[in-house]
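The values are calculated or read from the model by the stated rules, or taken from the named source; none is laboratory data. From a predicted model like this one, the values you see are computed outputs, not experimental measurements. Reconstructed Cβ throughout: ideal geometry from the backbone, glycine too, with neighbour counts over all protein chains shown. When the accessible area is computed, the model is the full protein with side chains, heavy atoms only, and any ligands, DNA or RNA have been set aside. Shrake-Rupley method; radii C 1.70, N 1.55, O 1.52, S 1.80 Å.
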Amino acid sequence: MDPLFDRINVRDLLSGHDLSDPSTPLSAPDLRLIIGRLESHSLHIKSKVRSYLLSHREDFASLFSQCNDAVFKTNEISDNVSGILSLISDRPIDVEIRKLVDEIGRTTKEAREKREMLGLLKIIVGICERLEGARSAFSDGRLRFAAEEVKELKKALRIGDEEEGEPIVYGLLRKQWADFFDEMQDLFSKFMENAVRFEQDSRTIRVKYKLCVDKMDGIELHTVMEAMDVAGILDYCLAKAADLIIKHAITPAVSYGSPVMFAEDVNQGSEGISETVLKILPSQDCKIVDVDGDAIYARVIQVIKFIFKHICFENGSWIRSFGRLTWPRISDIIISKFLSKVVPEDASKLVDFQKIVKCTSEFEFSLKEMMFISASDGKDYRLSSFSENVEVHFAFRKKTEILGKARNSLLQCDFSLPQDYTSKGPLLKNDGMAINSSNQVVDLIFSSERCVVSKAASQLMELVHQTLQDVCLSSARVALEFYHAVRDAILLYEAVIPVKLERQLDGINQVAILMYNDCLFLSQEILGLAFEYRTDFPDSIKEHAVFADMAPRFHLMAEEILQRQIRIVIFNLREAIDGADGFQNTHQMQQFESAKFSIDQAVFILEKVHIIWEPLLRPSTYKRSMCMVLESVFSRITKDILLLDDLAAEETLQLQRLIHMMLDNLSSLLKSLISAFDSNAKSEEDTSRPIDDLIPSLRKIRKLGELLDMPLKSITSAWESGELMSCGFTILELKDFIRAIFADSTLRKECIWRIENKGGMTTQQSKAMEQYSTQQVHLGVSVLIKLPILEQVDTNCHDLNRWLKKTLPTSQHFSWP
């Protein structure tokens, strides 16, 4: 059959025709020829197919028969499936199957739970029986067995490892176990109380070996110790015995200066040793002081050996437990009652302390051999650590002592002047004045002057110098502690004194001035410490010792205190002058008396300040501060008077009277300033400068007193000569002053015109301007805080600059600084 299905090739049908050129079209004869040959080929195929089918007829019949059987069976299966589906739809057997499966599952689960419950009940019953057995054994005196059962039951009940969702019965069992455990602990504690007792009358510690507690008679101490060890309650039950031995044996043994001695006694019975006794007796050598600690350590070793032999029965585990319980307290007692008391008070005696270091090391080695302390835990070697670090403890104690002295000195100081201090003159070095020999009159390192300081500052620096001398003689560690003690002691002044004197700093009093002197003195002393001691410091301290960082703090504190005092004084003076109501209508008696009272009040305040400041402040500081205060007073009064816009003749005389009265009353104060200038003079420039140069308003108020009764022409001539400008008057002030005093007239207009339009400057005017400029420079250097005088200076400079622009040629104009 395969040739029938081969592809027909057209070339074979037209074998005689040239078909090499595919583009050549076929002719009609060719096409008819192809059709004829295709029909012939088709008939040939059909003939072959028919002959093939006839030759394989039986095969095709068998094939068709099998197909028919397959279709029949398929229909039969389809009918059966339809029957099954109809049965299922009529009776839902799957539901019944599911119910049966669920019931089987529940039954299986219940059976499993019952088996588990049965197992749990067996465990619970077993635990209950073991608890009851342990109770019974404990009551019968089988203490070790009861302790072992308690230990095993603790693991079975997972005590301390509880989980959520556990059966409630476990909680009940744990409670029963805990109750029994508490009963066991209490009973064992009673056994130990019965075993170890202290008899006060005979001062004896008695250890019994046969014990009787709660109808349990004849229990051996060794058995009790074993049971407690097994149950893990050895530390708890030995606590009271440990307290008793520490209190009545260890503490007396360590008592420094009141030694005791111990005597052991063993009572032998028919059945062996019944008890042992440790007698505490007063030492026969009570007058001998144990300096090295040999006897103290020997007594402690004797007590611990007694415990090791007669209570712990030479069991290493038991004595270690006793040591863990008592050693921290024993070591603290030895340190507090012995080692800390023999720490040298002098650095030169530190070498002698090495004997105690050696004895302490040997003592701890003996305890280690008895296993009383651990051989590997460094924390147990507290005594050696303390004794080997005695330098640190010595330095710490000295540091505490230094800071305590400094604090007490600062808190107890009342900032009063020394009783023998009566000087009214300046304090200068090498002045030969015996009256200034008080410890509170000190030299300033970086100044030629002296000042009076408080007792607290004097004692503080004395303590600082003593400590720094010890630094130079001490080891590196001690020197470092002393260095920090010095810094902390100095800083205590800053922390204590301002808080202590806060209220007094708000008034005008000598306390504030003494505190200013203290801070100034401390700042200069601090700067000198390094220069004085650094070369003698240990090499390791030289790199770290710094004092200069503290000096600026005290210098700033000093300036803040002084400026605060100046502000308070100026505030009080302003309040006093405010009572004069601007010096208006002083020709009326009431207004004059009010102005006079204000002037008297201001003079009183100034005299009070003078009395407090002059004896205490350095001359240079007194000069600077008092000039600030006086400048504020004079400038304020001058300003108020110059602001008056209409003055009667009698009023000018009264104002002149007030000015002269004020200056007369302040004559002693001004003389004190001149004295301060002379004593503090360092150059010819300082000695030649009059007081008016440092208080510009003084010259101005004096001149104002003269102007109040001066004729108009004389006033004009004084301005033209430059005299008024040198006193600080401005064109605006002078014009307003003339308008206030003199009535409007041709002469007044002419004089005002001459003042306004005077061209150029005379030689005297030039010198006056130069002098005025110099005054402002000195004033700007000396004034450290903003005072009202600064505002007046700014106004004067502005007015003078405006006048110069009018009077000088354009090429000579300049700006006043």
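Numerical summary
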read-out	value
Test result for ARG618, over 22 Å from LYS700 (Cα atoms) and open to solvent by 10 Å² or more (accessible area, probe 1.4 Å)	yes
Neighbours by Cβ (under 9 Å, 6+ apart or cross-chain): first from the range 149-175, under 21 Å from SER136 (Cβ atoms); second acidic (Asp, Glu) and surrounded by fewer than 12 Cβ atoms within 10 Å (Cβ to Cβ)	ARG174/GLU162
Matching residues in the range 571-599 - criterion: being assigned to a helix (DSSP H, G or I) and either within 27 Å of SER523 (Cα to Cα) or of a type in the set (Ser, Thr, Tyr) (or both)	SER594, SER598
Candidates ASP214, ASP229, filtered to the one that is touching a helix residue (DSSP H, G or I) at 6+ places or on another chain (Cβ under 8 Å), within 18 Å of ARG197 (Cα to Cα) and among the acidic types (Asp, Glu)	ASP214
Given (1) assigned to a helix (DSSP H, G or I); (2) farther than 24 Å from CYS413 by Cα; (3) within 31 Å of the chain's Cα centre (by Cα), number of the condition THR535 does not satisfy	(3)
Residues satisfying the stated conditions in the range 540-592, i.e. under 40 Å from the mean Cα position of the chain (by Cα) and charged (D, E, K, R)	LYS542, GLU543, ASP549, ARG553, GLU559, GLU560, ARG564, ARG567
Single residue of the range 524-556 satisfying the filter (aromatic (Phe, Trp, Tyr) and open to solvent by less than 70 Å² (accessible area, probe 1.4 Å)) that is farthest from SER454 (Cα to Cα)	PHE537
Meets criteria (in contact (Cβ under 8 Å) with a residue 60 or more places away in the chain, buried (at least 18 other Cβ atoms within 10 Å of the Cβ), farther than 30 Å from LEU281 by Cβ and under 59 Å from the mean Cα position of the chain (by Cα)) for ALA134	no
The range 621-655 - residue that is small (Gly, Ala, Ser) and more than 19 Å from LEU698 (Cα to Cα) and, of those, nearest to the chain's Cα centre (by Cα)	ALA648
From the options PRO619, PRO615, residue that is out of contact with any helix residue (DSSP H, G or I) (no Cβ under 7 Å at 6 or more places or on another chain), closer than 22 Å to SER672 by Cα and either modelled with pLDDT of 95 or more or of a type outside the set (Phe, Trp, Tyr) (or both)	PRO615
GLU481 vs. criteria in a helix (DSSP H, G or I), open to solvent by 20 Å² or more (accessible area, probe 1.4 Å) and over 25 Å from LEU617 (Cα atoms)	yes
Residue ID - farthest from the chain's Cα centre (by Cα), chosen from residues in the range 684-719 that are modelled with pLDDT of 90 or more and farther than 24 Å from MET661 by Cβ	LYS713
Some residue of the range 515-523 being touching a helix residue (DSSP H, G or I) at 6+ places or on another chain (Cβ under 9 Å) and surrounded by fewer than 16 Cβ atoms within 10 Å (Cβ to Cβ)	no
Test: ALA406 is open to solvent by less than 20 Å² (accessible area, probe 1.4 Å) and either among the charged types (D, E, K, R) or at pLDDT 85 or above (or both)	yes
Residue satisfying all of: in the range 280-316; at pLDDT 90 or above, of a type in the set (Val, Ile, Thr) and assigned to a helix (DSSP H, G or I); most open to solvent (accessible area, probe 1.4 Å) among these	ILE301
Count of the range 571-586 residues which are under 14 Å from ASP506 (Cβ atoms) and open to solvent by less than 60 Å² (accessible area, probe 1.4 Å)	1
Within the range 317-349, tally of residues that are open to solvent by 20 Å² or more (accessible area, probe 1.4 Å) and of a type outside the set (S, T, N, Q)	15
Verdict on ILE752 being buried (at least 20 other Cβ atoms within 10 Å of the Cβ), at pLDDT 80 or above and within 21 Å of LEU647 (Cβ to Cβ)	no
Count of the range 372-392 residues which are closer than 19 Å to SER336 by Cβ, of a type outside the set (Asp, Glu) and without any contact (Cβ under 8 Å) to a residue 60 or more places away in the chain	11
Flag if GLN185 is surrounded by 13 or more Cβ atoms within 10 Å (Cβ to Cβ), more than 25 Å from ALA263 (Cβ to Cβ) and over 51 Å from the mean Cα position of the chain (by Cα)	no
Residue match in the range 66-73 (condition: at pLDDT below 85 and either open to solvent by less than 100 Å² (accessible area, probe 1.4 Å) or assigned to a helix (DSSP H, G or I) (or both))	no
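A quick yes/no check of all residues on (1) closer than 24 Å to ASP414 by Cβ; (2) of a type outside the set (Gly, Ala, Ser); (3) without any contact (Cβ under 8 Å) to a residue 12 or more places away in the chain:
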{"position": "LEU460", "(1), (2), (3)": "yes, yes, no"}
{"position": "GLN466", "(1), (2), (3)": "yes, yes, yes"}
{"position": "ARG477", "(1), (2), (3)": "no, yes, no"}
{"position": "ALA485", "(1), (2), (3)": "no, no, no"}
{"position": "ASP488", "(1), (2), (3)": "yes, yes, no"}
{"position": "ILE526", "(1), (2), (3)": "no, yes, no"}
